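Below: the structure, in structure tokens.
The values are calculated or read from the model by the stated rules, or taken from the named source; none is laboratory data. None of the values given here were measured: they were computed from a predicted structure. Neighbour counts are summed over all protein chains in view; Cβ atoms, including those assigned to glycine, are modelled from backbone coordinates with ideal geometry. Ligands, DNA and RNA are excluded from the accessible area calculation, which covers all protein heavy atoms including side chains. Shrake-Rupley method; radii C 1.70, N 1.55, O 1.52, S 1.80 Å.
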Amino acid sequence: MLWDSYNQTINVFGIKNELIASYLDRELVDDRFKSAIKDGKEVVVYGASKQGKTSLILRNISEQTYVKVECSPKSTPIDIYKSILRQLDVTFYDSISQSLSHTKAFSTLDNFKISIPCSFEYNKTFSSENDIKIENSTTERMIDYNLSLSQDVIELFKKYLNNKYIILENFHYLNMEVQEQLAYDLRSFQDNHIVFIILGIWRESNRLVQFNGDLLDRVTEVPVEPWRKEDLSKVIDKGSELLNVDFTEIKDDLILSCFNSIGILQELCKECCLNAGVISTSNNLVVITKSHLENAIKNKVSQYGIRHVRNFESFVEVSKQTSSQSGKPTLAIPYYFIKILLSDNKIDMEQGLSRKDLLDSIRSIHHRPDDVRSSDIGSFLNGITQYQINRRINPPFIDYDAGVKRLKIIDSTLFFFLRYCDKEEILSDLINPLDFSSAKLIEDLFSNENYE
């Protein structure tokens, strides 16, 4: 048998920061990734959330061979480069504060320069009447590096990186301007055989090439999607053998319920096993039933719902009630988008929503349809990633593919949640910006000092 009594359910199925036992090697993904990191090109691993990007790294690269930086909305290229140097145990001094990088946080000023102490050996010559004496001596000097210049950063990486890979996790969290700046630096890094592995939540190809066309043919992209049904079936079978459980009765329903998301499949399998009382490899074969799956779905909908409902609330929040030009209430495009998302219409969000379809859908339900212009939709779509970051929606759940002009859901748990949640209840609980605007106008009217 392939299973033993030491397999814990939470180590076989589910989502963890460690590699789980039911991980499946896929030729089109794993082999492409392993080939990519050997070619010396920059590598971009992309796909929706919880689709196996981090697991791909854990499976194919040992921890000793890379330096990883967790990107955040406030990260700048300078922050990223300093983090890499700290992880390489490079002692450096901030040129402004003159304080050790290990002991004091950097200021938020334009603090681009650092100084690194370097030792130099030289010979001292002493002479006397009868002989000449040579002694080896060492002196230490401070060398300045400007981290806003890719050439300076390259010199440091060549000296201290020792051929390690650099992984930038959650690249999608970065401000768009920061992403663009890094895309330009990556061109120089690639020329000097410094390999970055970038992990991001998006679904279109050539994301970085859009920022810098010189990266074309210098970047290898590894999409972790789609997950084929046969691959999902193999994951279930692999975990079943390790835990001595039987998913035969619900296997088709289980695959159908996960919307081709390996993360949801893993979590549902884990919940099913735990509902069946299987916390580790069972001595006797345990059959997983429809009842176990129903309870698993209910649990996951509840867990995912907390985050998604909060995201919806943040997404529709109105900070400016009227247009400075017209004095009319705002068009509230975000609110109407969420309303479409929560409706039971025939729009196929799995394939993405085109710009034109979004415009037509919003006009069909908008209170001022004639005022909704194509340019309004364009502004909404082009800034949608930064819009979510500004509202602390992390990870983003929606993304606009400018290449094909389609709006796509990039949070794989959202499809699952929308299928099983009570959409009408969620929509009724959201603040309608129209009601809020009307109430605000009345409040302003009565608070006006000239009102009699």
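Leaving ligands, DNA and RNA out of it, report the carbon-plus-sulfur percent of the accessible area of the stretch 155-254 at a 1.4 Å probe. Please list the in-between numbers first.
Numbers: 1780 of 4270 Å².
Carbon and sulfur atoms account for 42 percent of the accessible area of the stretch 155-254.
Return the carbon/sulfur percentage of the accessible area of the stretch 383-435, one whole number, probe 1.4 Å, all protein chains in place.
45
Just the accessible area per residue of the stretch 191-273, please: how many Å² with a 1.4 Å probe?
37
Where Lys and Arg each count +1 and Asp and Glu each count -1, what net charge lies around Ser291 among other residues with Cβ under 14 Å from its Cβ?
Details: positive: Lys290, Lys298; negative: Glu249, Asp253, Glu271, Glu294.
Here the count lands on -2.
Give the separation of the Cα centroids, the stretch 147-165 to the stretch 352-378, in Å.
For the stretch 147-165 versus the stretch 352-378, the Cα centre distance is 47 Å.
So who's got an amide H within less than 5 Å of the one on Val222, skipping anything under 5 residues away but keeping other chains? H placed 1.01 Å off N, in plane.
Under 5 Å from the amide H of Val222: Val44, Val45, Tyr46.
What's the local net charge at Ala402, with K and R +1, D and E -1, over the other residues with C-beta under 15 Å away?
Residues close to Ala402 contribute a combined charge of +3.
Which order do the peptides 368-377, 212-221 take when ranked by the mean count of other beta-carbon atoms within 10 Å per residue, highest first?
212-221, 368-377
In whole Hz, with x marking every Gly and Pro, tabulate ³J(HN,Hα) for the stretch 215-230 from phi via Karplus 6.51 cos²θ - 1.76 cosθ + 1.60, θ = phi - 60°.
Running phi through 6.51 cos²θ - 1.76 cosθ + 1.60 with θ = phi - 60° gives 7, 4, 6, 10, 10, 9, 9, 10, x, 8, 10, x, 8, 6, 4, 5 Hz.
What list of ³J(HN,Hα) values in whole Hz, one per residue of the stretch 163-180 in order, does the Karplus curve 6.51 cos²θ - 1.76 cosθ + 1.60 (θ = phi - 60°) give from phi, with Gly and Pro shown as x?
Taking θ as phi minus 60°, the curve returns 6, 6, 7, 10, 9, 9, 8, 6, 4, 5, 6, 5, 4, 4, 5, 5, 4, 5 Hz for the stretch 163-180.
Enumerate the calculated ³J(HN,Hα) couplings along the stretch 393-410 in order (Karplus 6.51 cos²θ - 1.76 cosθ + 1.60, θ = phi - 60°), each rounded to whole Hz, writing x wherever the residue is Gly or Pro.
8, 10, x, x, 9, 9, 9, 9, 8, 5, x, 10, 6, 9, 8, 10, 6, 10
Peptides 66-78, 408-420: what's the order by average Cβ count within 10 Å, highest mean first?
408-420, 66-78
What residues qualify as long-range amide H neighbours of Tyr66, i.e. H under 5 Å apart, gap of 5 or more or another chain, H built at 1.01 Å from N?
The list, which skips near neighbours in sequence, is Tyr165.
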